[in-house]
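Step one of this worksheet: look at the structure below.
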Amino acid sequence: MRIVIPLAITFVAGMIMVLNFFVPHEPFKLLGDNLQEWYMIVASAAIFLGAMNLLHVHFRKIRLKLKNWKYSPVTIIGFLMMLVTGIIYGVVEGMPFDYLFQSAVVPMGATMFSLLAFFVASAAFRAFRASNWRATLLLTSAFIVMLGQVPIGAMIWDKIPLAKVWLMSVPNTAGQRAVMIGAAMGVVATSLRMIFGIERSYLGGTD
Amino acid sequence: MAGMIEKMGNLDRRIIFILIALSVIIPLALGLIFPNPVGAEPSRALFDYVEALPAGSSVLLSFDYDPSTMPELQPMAMAMLQHLFRNDVKVVGMALWPMGASLGQDAMSSVGDSLGKVQYEDWCMLGYKTGGGVMIVRLGSGIQAVFPTDKDNVPWSEIPMLAAYSTLQDFDMVLSLSAGDPGIPAWIMMAGDRFGVPIGGGCTAVSAPQFYPYLGTGQLVGLLGGLKGAADYETLVREHPDAVGAEGGRAVAGMAPQSVAHLVIMLLIVMGNVAYFAEKKRKGGVK
Amino acid sequence: MNWEILGIWIGALLSLSLYSFLYRDNPFYKFAEHLFVGMSAGYWVIYTIENVLKPNWWQRMFPAEGGFQIVWVIPGIFAFFMLARIVPKIAGLSRLALGMIVGAGAGLGMVSVFQTNALAQVEGSIISISAGSAFEMFSSLVLVVGVVSGLVYFFFSKEHTGIIGGTANLGITILMVAFGASFGYTIMARLSLLIGQSQFLMFEWLPTIPRILGIGGGA
Amino acid sequence: MRRTAVLLALLLLAVGTVAAQGVDPPERPESAVEEETGGEERPSGPEEVVIAPAHLTNTVRVAALDRVFDLQATDHPNDAGGSVSLAWDFDIKDEVPDSLAVIRRGPSGVEERIATLGGISTRYTDTTVSDGDSYSYWIESLRPDGTPAAVSDEADASSSAQWIHSGRVAMLIILAALSLIIIYYIETAKRGKKLYIREIAGLAAVDDAVGRATEMGKPVLYIPGIMDMDDIQTIASMVILGRVAIKTAEYGSALMVPTARSVVMSVAQEVVKESYLQAGRPDAFNREDIQYLTDDQFGYAAGVDGIMVREKPAAIFMLGTFYAESLILAETGRSVGAIQIAGTAMPSQIPFFVAACDYTLIGEELFAASAYLSREPKLLGSLKGQDAGKLFFIILILLGVIAATIGQFWAPLSSVADFLRSLVAVS
């Protein structure tokens, strides 16, 4: 029983979504449209679980004086600061919640994102070695595309941007397509195992 | 000498980091500008498609990004809006990302003002709604139900231009400026594939390769990839004979540090390979 | 107190603290990282309440024009099941909510991915390889061979020897060329972000330093 | 393999015959036509509308009426009923009317204006009709002051709901056939048929990686991507997590799972707990090691980077849906000297994993991982079904390409290529 009802719900929910795509007639349209909204609501509501876990983990760290526990109050205070300003002042532009978000969270996000500029350089330096012919091909195509990306490439030889476009639209498209079609098979098979309850380990408990 | 080459192969990554930082900071500080030629690329395809829209057509422009990808996507928004407004195309804005709505409104009002376009007559911003692809499907059966008001809570019925639109199919094309999920794929799956509305747009350079397959199948009519795509569009918009009052491109200015940093990375790769082969040769003797 | 300048300073100092990670882990990074995790988690809780739970659930259950839409009790019940994990005694109820999320996700994912990532891509690959110039023919050939051999690479139930092995090898080679191109193409995007962030630090934050010093010097 | 071929041939035949009955092969099916006309809805089939003779009452040039022509009203296709699509054309050369009014006469004979549109509109969908009733529509062009200037032809239509989406029949058949094949192989495998699975480099290294972590007394870090439980890759990742957790339980090394989604955290806790139970080490399960950080993509990346440099894991698994954070994580993991095994079906992130990780599961290999690690018959069977699906698409592509190529010189084959394309075209 512990597992049968959840599996039945999975099956019904999955089938509704599939039928919603193929059958325009009611009740499938109504059911499908509603279910899409419902599951978003349920998944969103779960964020309170995460929030409680975050607080639990950091309070525990402080209580047990685990490694780096002195930084845990920073996380807790940051979390509560957003929560309290959000609840009191709302999310309207110009209010404290928005101010904190714009002046702290946004620039930190942009900074973490921009670390990638450094990491692509170090990864390229280390990984792009002509150690065998396949690696050489990878290196060459990366190199040509890089040249084609900037005006300097066209100045060296005016065919380089065209070579870039060719690499991106022919071999790259072919590769992406193979990955996409293959992965789609994986998605179909995995979804199928979920919907029909063949795979149930995500519920905790294999059988 | 040999020792030095070997060291080069195992360069501390922090030296690489410093080189990259310098190659960005110095051209920015000096304000360098390089020319930007545009070939037969997907950015030209998009430009041509938009150029062919007759005056009075309608475009749904979706701002599916947030401030973290502004450097790439905001210049695209500016260039596209200049192009659309110049050709008297009506633009309805919306956003799949919460922060996209105000970024979009800023872009629309600043370009609109410079080209004499009036809010609620030539353009309006519906705002943000959650739901991604699911929400797009609902747009297909009725826009007003999803956006009863615009971003500033002006009711739908009080916005004159919106009377022309009831569903997604009333638009001649959808342009999405997409930083990730939800973005262009959602528009292709839910608006293009389901309702047959032509989809075009711009995206960060990282997601561009993923969208090339959609260009081949015609699911996307054209695409701007990253800062280069933005610079291309700026160039095409400004090269055009009608280009009056087109403002100097931010993307074109950003191309100088791009070029220098690209060169630095390419030099690093070359150095790495030189070191690799030098070491292989040395070890080859021992083998 | 100038809130705008304070905001720029908060952003710039946190940004520099995060950049310091490139050198190595240090107290500045630890501080910024812990703050980032806490603040962004708090942001998402509020965001979820304001942008999902309120408009998509609460305001539909209790519409502005009054009344009570009973159907919206259903997602409420499932959300309650989800949150039941907190109480060990009824934690098992969360499986019901999980079942719904996974089922709906699987159903929606199956049809959408199959349509967009499989069928549409197959349709796009059915092309003539004798159309256009010699170069265009070559390109079409590479495309078809690339897709087909790439797919062969993903065969799992056949040993990769003989013809299958050779084709799979060709497939992974074309995949590598694709990955190289994709990597090279992306560098630009990553640099753009750094350029954007450098512009913020150089042209928005740095100019405030003399202003602040100027005020200090004038006093 | 022979059986696969037979099955596939049958499948192709079945799809072919059914689709052939549905659409006339030499002619391009609806979906293809729609593509050609840029998705404009054109009336077709039995719902064809008879256009009533024009009854122009006014020919004021302000809003020249003779320019609005070809008004057509049809049942909105493939919906749950209740809507009628209107489409008309007009001549762009003339002056544009100020606005257009859509007028409807319902079954009771009452005339009402149902919408006022901008002067350049050419389409409208009336979503307020009731199924089965007949409605007449016409369009009035309006002067700036709102008074009618002229009237268009009249067109009639009634709406109905459809039981099957006409543009998706072929897809339904292919998907159903694929599903049946997958289930068939799963059942065969369950009954004890031995199935082969090819070597997957990244997965052969899992044991080594976990073993190394144990030797070094360092933890194993498992990153399940940043998407929620409704994402199939996350689901696949959870199944693999179960396998990895059994190994860490057996080897006795710590397993840390930071997540970006609350639901994923909950599932991961259940999955790992179950695995430790199965491995007979429920005592070693530590719930605190599976923690939620933040839903924020880069906040999560910052947090995980912190965990990496402080806990210095010996092995890092990155399996699931990744976006830009992929390389931030992989390069940091690399810098702390961990063995890294990554896998994702996100085409845009695979190159970074290939460059920065020791092993990368490419695309579908991620979905094959649980089968490889567990060798469970049902999973191996499912893989075999996936292979059959790929074989079907390969054959379809090759046949289509051959037909399209020869079709350039010999027209009949060109329509075969169009037919094959129509099988996979979905509207």
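List of remarks:
- Count of residues meeting criterion [under 28 Å from A:Val106 (Cβ atoms) and buried (at least 24 other Cβ atoms within 10 Å of the Cβ)] in segment D:309-327: 7
- Identity of the residue in segment A:95-105, modelled with pLDDT under 90 and in contact with a helix residue (DSSP H, G or I) (Cβ under 8 Å, 6 or more places away or on another chain), that ends up nearest to the other protein chains (Cβ to nearest Cβ): A:Gln102
Quick grid of which residues meet (1) away from chain C (no Cβ under 14 Å); (2) surrounded by 18 or more Cβ atoms within 10 Å (Cβ to Cβ); (3) within 30 Å of C:Phe21 (Cα to Cα):
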residue: B:Val24; (1), (2), (3): no, yes, yes
residue: B:Leu30; (1), (2), (3): no, no, yes
residue: B:Met80; (1), (2), (3): yes, yes, no
residue: B:Leu84; (1), (2), (3): yes, yes, no
residue: B:Asp88; (1), (2), (3): yes, no, no
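- Inclusion of C:Leu143 among residues that are under 21 Å from the mean Cα position of the chain (by Cα) and within 7 Å of another protein chain (Cβ to nearest Cβ) is not warranted.
- Annotation for segment A:141-162: at least one member residue is at the interface with chain C (Cβ under 7 Å from one of its Cβ atoms) and closer than 14 Å to B:Glu41 by Cβ.
- Search result, residues across segment B:187-211 that are hydrophobic (A, V, I, L, M, F, W, C) and farther than 13 Å from B:Phe63 by Cα: B:Ile188, B:Met189, B:Met190, B:Ala191, B:Phe195, B:Val197, B:Ile199, B:Ala205, B:Val206, B:Ala208, B:Phe211
- Within the span defined as segment D:139-153, one or more residues are within 14 Å of chain B (Cβ to nearest Cβ) and under 27 Å from D:Asn78 (Cβ atoms).
- Enumeration of residues in segment D:248-283 that are among the acidic types (Asp, Glu) and within 8 Å of chain A (Cβ to nearest Cβ): D:Glu270, D:Glu274
- Flag if C:Tyr153 is under 23 Å from A:Ala142 (Cβ atoms), touching a Lys or Arg at 6+ places or on another chain (Cβ under 9 Å) and buried (at least 18 other Cβ atoms within 10 Å of the Cβ): no
- Identity of the residue in segment B:237-287, part of a helix (DSSP H, G or I) and more than 14 Å from chain A (Cβ to nearest Cβ), that ends up modelled with the lowest pLDDT: B:Val286
- Residues in segment C:89-127 that are more than 11 Å from chain D (Cβ to nearest Cβ) and more than 20 Å from D:Val264 (Cβ to Cβ) were compared, and the one that is surrounded by the fewest Cβ atoms within 10 Å (Cβ to Cβ) is C:Lys89.
- Filtered by the rule that a residue be over 19 Å from the mean Cα position of the chain (by Cα) and in a helix (DSSP H, G or I), segment B:170-188 gives a lone residue, B:Asp170.
Yes or no, residue by residue, for (1) touching a residue at least 12 places away in the same chain (Cβ under 8 Å); (2) out of contact with any Phe, Trp or Tyr (no Cβ under 9 Å at 6 or more places or on another chain); (3) basic (Lys, Arg):
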{"residue": "D:Arg143", "(1), (2), (3)": "yes, yes, yes"}
{"residue": "D:Thr147", "(1), (2), (3)": "no, yes, no"}
{"residue": "D:Ala150", "(1), (2), (3)": "yes, yes, no"}
{"residue": "D:Ala157", "(1), (2), (3)": "yes, no, no"}
{"residue": "D:Ile164", "(1), (2), (3)": "no, no, no"}
{"residue": "D:Ile174", "(1), (2), (3)": "yes, no, no"}
{"residue": "D:Leu178", "(1), (2), (3)": "yes, no, no"}
{"residue": "D:Lys190", "(1), (2), (3)": "yes, yes, yes"}
{"residue": "D:Lys194", "(1), (2), (3)": "no, yes, yes"}
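- Search result, residues across segment C:1-55 that are of a type in the set (Gly, Ala, Ser), at the interface with chain A (Cβ under 8 Å from one of its Cβ atoms) and farther than 30 Å from A:Ala43 by Cβ: C:Gly7, C:Gly11, C:Ala12, C:Ser15
- Tallying residues that are crowded, with 18+ Cβ neighbours inside 10 Å and in a helix (DSSP H, G or I) within segment B:113-139 yields 7.
- Remark: pairs (first residue in segment B:117-134, modelled with pLDDT of 90 or more; second residue of a type in the set (Gly, Ala, Ser); Cβ separation under 6 Å; 6+ apart in sequence or on different chains) = B:Trp123/B:Gly112; B:Met125/B:Gly93; B:Met125/B:Gly104.
- Residue match in segment D:328-350 (condition: touching a residue at least 40 places away in the same chain (Cβ under 8 Å), more than 21 Å from C:Gln121 (Cβ to Cβ), in a helix (DSSP H, G or I) and over 20 Å from the mean Cα position of the chain (by Cα)): yes
- Criterion violated by B:Phe17 - all others in (1) under 19 Å from B:Ala261 (Cβ atoms); (2) modelled with pLDDT under 85 satisfied: (2)
- Scanning segment A:22-59 for residues that are at the interface with chain D (Cβ under 7 Å from one of its Cβ atoms) and surrounded by fewer than 17 Cβ atoms within 10 Å (Cβ to Cβ) yields a single hit, A:Glu26.
- Residue selected from segment C:153-185 under the condition more than 7 Å from chain A (Cβ to nearest Cβ) and in a loop (DSSP other than H, G, I, E, B), by the criterion farthest from D:Ala369 (Cα to Cα): C:Thr161
- Verdict on D:Thr128 being β-branched (Val, Ile, Thr), modelled with pLDDT of 75 or more, under 26 Å from B:Val92 (Cβ atoms) and not in a strand (DSSP E or B): yes
- Answer from A:Ile76, A:Ile62 - the residue that is within 7 Å of chain C (Cβ to nearest Cβ), within 30 Å of D:Arg287 (Cβ to Cβ) and touching a helix residue (DSSP H, G or I) at 6+ places or on another chain (Cβ under 8 Å): A:Ile76
- The set of residues in segment A:1-11 that are part of a helix (DSSP H, G or I) and facing chain C (nearest Cβ under 7 Å) comprises A:Ile5, A:Pro6, A:Leu7, A:Ile9, A:Thr10, A:Phe11.
- Scanning segment B:141-169 for residues that are of a type outside the set (S, T, N, Q), assigned to a helix (DSSP H, G or I) and surrounded by 20 or more Cβ atoms within 10 Å (Cβ to Cβ) returns B:Ile143, B:Leu162, B:Ala164, B:Leu168.
The values are calculated or read from the model by the stated rules, or taken from the named source; none is laboratory data. Just so you know, these numbers come straight off a predicted model, no measurement behind them. Please note: Cβ atoms are built from the backbone with ideal geometry, for glycine as well, and neighbour counts cover all protein chains shown.
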